[in-house]
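For reference, the structure discussed in these notes is given below.
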Number of protein chains: 2
Amino acid sequence: MESIKVSLSQDQMPQKWYNIQADLKTPLDPPLHPGTGQPLTPPDLTPIFPMALIEQEVSQERYIAIPDEVLQVYAQWRPTPLMRARRLEQALGTPAKIYFKNESVSPAGSHKPNTAVPQAFYNMKSGIKRIATETGAGQWGSAMSLATNYFGLRCSVYMVRVSYDQKPYRKSMINTWGAEIFASPSQQTNAGRAALAADPNSPGSLGLAISEAVEDAATHADTNYALGSVLNHVCLHQTIIGEEAIKQMQIAGDKPDVVIGCIGGGSNFAGIAFPFLREKINGLDLRVLAVEPASCPSVTKGVFAYDFGDTAHLAPIIKMHTLGHTFMPPGIHAGGLRYHGMAPLVSRVAADGLIEAVAVHQLDCFAAGLLFARTEGIIPAPESTHAIQAAVAEALKAKEEGKERVILFNLSGHGHFDMSAYDAYLAGQLTNYDYPQAMVDQALAQLPQIGLASSRM
Amino acid sequence: MESIKVSLSQDQMPQKWYNIQADLKTPLDPPLHPGTGQPLTPPDLTPIFPMALIEQEVSQERYIAIPDEVLQVYAQWRPTPLMRARRLEQALGTPAKIYFKNESVSPAGSHKPNTAVPQAFYNMKSGIKRIATETGAGQWGSAMSLATNYFGLRCSVYMVRVSYDQKPYRKSMINTWGAEIFASPSQQTNAGRAALAADPNSPGSLGLAISEAVEDAATHADTNYALGSVLNHVCLHQTIIGEEAIKQMQIAGDKPDVVIGCIGGGSNFAGIAFPFLREKINGLDLRVLAVEPASCPSVTKGVFAYDFGDTAHLAPIIKMHTLGHTFMPPGIHAGGLRYHGMAPLVSRVAADGLIEAVAVHQLDCFAAGLLFARTEGIIPAPESTHAIQAAVAEALKAKEEGKERVILFNLSGHGHFDMSAYDAYLAGQLTNYDYPQAMVDQALAQLPQIGLASSRM
């Protein structure tokens, strides 16, 4: 029997997250207050975040210990398996070895609980009783609903109305875990009521749902806000993926030539990539590849500049790769990859030349996803098909060049709650979409007036 | 960190299935031809099954080697984890230890691929090019669609119309794996066309879908039929579950006092229970508990007698616990537990007093399932909540008695494609249903006229 899996025991689970801020050659530019344009201070954030997470956000420590209570929850599905995709290799006829890290095995079906669990934990420790958060496609809202159970918190999710209506089983999942869910815009907040007054049939937007959740948290003393991507502490928590993968690749006896993840806000990519980037900074020879949709190409077509995190100018101004906060993403099916900006840490390592980025087309991604489902069994989330597509392209390039190559990608989640996307693909209803440069230029003209050079610390 | 998981490596996967026929004190009664009432012979079955499976059906060998090609596929998700449900224990305040075997981690989300894969393999080896099968709720059709991919077979699934319409994402899943799917009754077969002629809006039934799949297989030389439960070879293939669990319980350092599984056709129960029954036959002291819905109580309210396997009298007559083949199951949400009969092997060990059976109510099962989801994270399939309910009852009994007790149950699958059942439960739309004894008696009056005594070999 050929070996196709490296399982680690519970005892072998890494005990620390890796903080790449300690190894950056260029420090991050500070986030700015959306009202004053001045660097944010911890008191600006304490109304919505617990101090432990604020400290992690700015920490320069290389390693941060994972609390025992968090490890205990992680153990319900971690360490996740490292798989060798031998059937996919055979189907491609490639000399390359393709490995993937299977994050789809969490109860919520994606990597998101890796950060939802510690966020719930630190909030509980600080005396918070309830989390308010938003969700677009539903992965993050599901993960937070799951995580709050473990620490006796309540959870309120604001889900973008159009997704709420299109994906009713995400709502069911969130309810099953005991959280309450509101279609956004809702009657729960001033932001929601104002939007409904303007348009009773508003489909909502991620920006508006963020505004509702932040307002909910800021106006209730027992409630904090939680974000599922972009922020430094989110990327930090996800590094458990890469730390496990490094151990598992050693056991497998292979060294990856290229490490691949898809990017929307950047968190699953950060999770697998940052520990390998530490090795790269320390001299290991490997490529690290971030894969984004051609319809929302923040790194490959955007600029690295200060921009607002949301449309309503409530979230901090951060230095990141951005398509402009007025960017309206087309309705592609990889809902988790529709964000105008990119995690500052991912942007920074891209700007420093530590990683490459590539934009891929939706139809190629679904084709790769289907091939993966029919060879490896697992039906991938539409987001994850972007990483698969890039892995397939690398494997075919290796075949063309007649070279061995070791490819590792992150399978960020399964597609059990996204089957309508597969229906649309199989029915031939999907098309490709390249975001036009003219529209990028138009959105970029509306960036806040903060000079790139002067913003560097 | 407390230990909550025993993971086996790929190398530790059992290499043999266990055939409980070798250890039965009473041999099975032979299946009879539905037309003649005479014992079936292999030539009766070769039009729809490969010889390897027919041989396994009647084999008296204690162990049957799992082919390498099957082990290689199993390794994509097996060995499955043995979990200690410590959070569930805490929530119950019980001194009992609760373990569960997590079969939800397969790509199809249940234990069904354990037999779909070898069935596809043996059919491929015998030169078959296509499998025709039926599916009710969709778990089995999904598993077969997955499995045929691994061996280059095509797959045609006849899905009961009412489920086809109610669970559109099962169809999506089956299509994603490349199989074709027809709502049954369909225009593909004489049986389907006749049903549609009688009622163009027929909701279909499992019996009719079986007839369509069998007809398809019998009338195409390159096509065989496959069944996902009830048969001996299906129970055999599922014993990989219990063989792994025995190894894992040894590593955990605990001996189960009670082993629990839900029963519909009986296959997941057989999978976890039979290897432990071997230990029991060899002197180990333990209870084995089969859990069925009160709305479809074939073992607790039915009789052990010869009956038809389907409503149309096309399937063999088998000796089993049955509610009568004219039994019309109520519309409970655990679709996989709606069958009038029980696997002959499960019936036999029940009749021999090796196992106990208990019937439980739907509302209690969903309550237990919700508690499980909120403590252990995983949202269970409605079928699996029956095993959870019984495990919870055992744990509460241990608490009442102030006794330690080691409980092991099989989590047969997740509920990602059954979220509408949770919606209905949370909305208070479900009720309990006890199958009335008068209706059982009425159905039993229509059993085939084959004396119990004379039927013994």
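The values are calculated or read from the model by the stated rules, or taken from the named source; none is laboratory data. Just so we're clear, the structure is a prediction, and the values are computed from it rather than from any experiment. Cβ sites come from the backbone with ideal geometry, for glycine too, and all protein chains shown count toward neighbours.
Of all the residues in the stretch B:210-222, those that are acidic (Asp, Glu) and either buried (at least 23 other Cβ atoms within 10 Å of the Cβ) or within 11 Å of B:Arg161 (Cα to Cα) (or both) number 2. Among the candidates A:Tyr74, A:Tyr18, which residue alone is of a type in the set (Phe, Trp, Tyr) and in contact with a strand residue (DSSP E or B) (Cβ under 8 Å, 6 or more places away or on another chain)? Residue meeting the stated conditions: A:Tyr18. Within the stretch A:5-31, the residues that satisfy the criterion of being in contact with a Pro (Cβ under 6 Å, 6 or more places away or on another chain) and under 30 Å from A:Thr311 (Cα atoms) are A:Leu28, A:Pro30, A:Pro31. Only residues that are assigned to a helix (DSSP H, G or I), surrounded by fewer than 24 Cβ atoms within 10 Å (Cβ to Cβ) and in contact (Cβ under 8 Å) with a residue 12 or more places away in the chain were counted across the stretch B:244-266, and they come to 6. Take B:Gly377 and decide whether it is surrounded by fewer than 24 Cβ atoms within 10 Å (Cβ to Cβ), over 26 Å from B:Thr135 (Cβ atoms) and touching a Pro at 6+ places or on another chain (Cβ under 9 Å). In short, yes. Of the residues examined, B:Val117 is one that is of a type in the set (Val, Ile, Thr), within 14 Å of chain A (Cβ to nearest Cβ), in contact with a Leu (Cβ under 9 Å, 6 or more places away or on another chain) and not in a loop (DSSP other than H, G, I, E, B). If you go through the stretch A:395-415 and pick out every residue that is in contact with a Gly (Cβ under 7 Å, 6 or more places away or on another chain) and within 14 Å of chain B (Cβ to nearest Cβ), you end up with 2.
Inside the stretch A:416-444, residues that are of a type outside the set (Asp, Glu) and within 8 Å of another protein chain (Cβ to nearest Cβ) make up a count of 6. Set side by side, the residues B:Gln119, B:Gln166, B:Gln188 differ, and just one is polar (S, T, N, Q) and under 25 Å from B:His237 (Cα atoms), which is B:Gln119.
Could you tell me whether any residue of the stretch B:330-343 is at pLDDT 95 or above and either out of contact with any Pro (no Cβ under 8 Å at 6 or more places or on another chain) or within 17 Å of B:Cys296 (Cα to Cα) (or both)? Scanning the stretch B:330-343 turns up at least one residue that is at pLDDT 95 or above and either out of contact with any Pro (no Cβ under 8 Å at 6 or more places or on another chain) or within 17 Å of B:Cys296 (Cα to Cα) (or both).
Listed by position, the helices (runs of 4 or more DSSP H) contained in the stretch B:1-78 that have at least 2 residues being more than 27 Å from B:Pro344 (Cβ to Cβ) and either facing chain A (nearest Cβ under 10 Å) or at pLDDT 95 or above (or both) are B:68-74. Taking every residue in the stretch B:130-141 that is hydrophobic (A, V, I, L, M, F, W, C) and pairing it with any residue that is assigned to a strand (DSSP E or B) and surrounded by fewer than 24 Cβ atoms within 10 Å (Cβ to Cβ), at least 6 positions away or on another chain, the pairs with Cβ-Cβ distances below 8 Å are B:Ile131/B:Arg154; B:Ile131/B:Thr223; B:Ile131/B:Tyr225; B:Ala132/B:Thr223; B:Ala132/B:Tyr225. Screening B:Tyr435 against (1) in contact with a Ser or Thr (Cβ under 8 Å, 6 or more places away or on another chain); (2) of a type outside the set (A, V, I, L, M, F, W, C); (3) not in a loop (DSSP other than H, G, I, E, B) leaves a single unmet condition, (3). Taken together, the criteria exclude A:Glu212 from residues that are among the charged types (D, E, K, R) and farther than 15 Å from A:Thr133 by Cβ. Among the residues of the stretch A:73-96, those that are surrounded by fewer than 18 Cβ atoms within 10 Å (Cβ to Cβ) and out of contact with any Lys or Arg (no Cβ under 7 Å at 6 or more places or on another chain) comprise A:Gln90, A:Ala91.
Taking the criterion of being within 20 Å of A:Gly264 (Cα to Cα) and among the charged types (D, E, K, R), the residues of the stretch A:399-440 that qualify are A:Asp418, A:Asp434. Being in a helix (DSSP H, G or I) and either surrounded by fewer than 22 Cβ atoms within 10 Å (Cβ to Cβ) or at pLDDT below 90 (or both) is the filter here, so list the residues in the stretch B:196-209 that pass it. Within the stretch B:196-209, B:Leu196, B:Ala197, B:Ala198, B:Leu206, B:Gly207, B:Leu208 qualify.
Out of the stretch A:79-104, which residues are under 22 Å from the mean Cα position of the chain (by Cα) and part of a helix (DSSP H, G or I)? Answer for the stretch A:79-104, where residues must be under 22 Å from the mean Cα position of the chain (by Cα) and part of a helix (DSSP H, G or I): A:Glu103, A:Ser104.
The numbered conditions (1) free of Cβ contacts under 8 Å to residues at least 12 places away in the same chain; (2) more than 23 Å from the chain's Cα centre (by Cα) are all true for B:Pro168 except (2). Looking for whichever is small (Gly, Ala, Ser) and touching a residue at least 60 places away in the same chain (Cβ under 8 Å) here; the options are B:Ala424, B:Ala393. Which one fits? Going through B:Ala424, B:Ala393 in turn, just one is small (Gly, Ala, Ser) and touching a residue at least 60 places away in the same chain (Cβ under 8 Å): B:Ala424.
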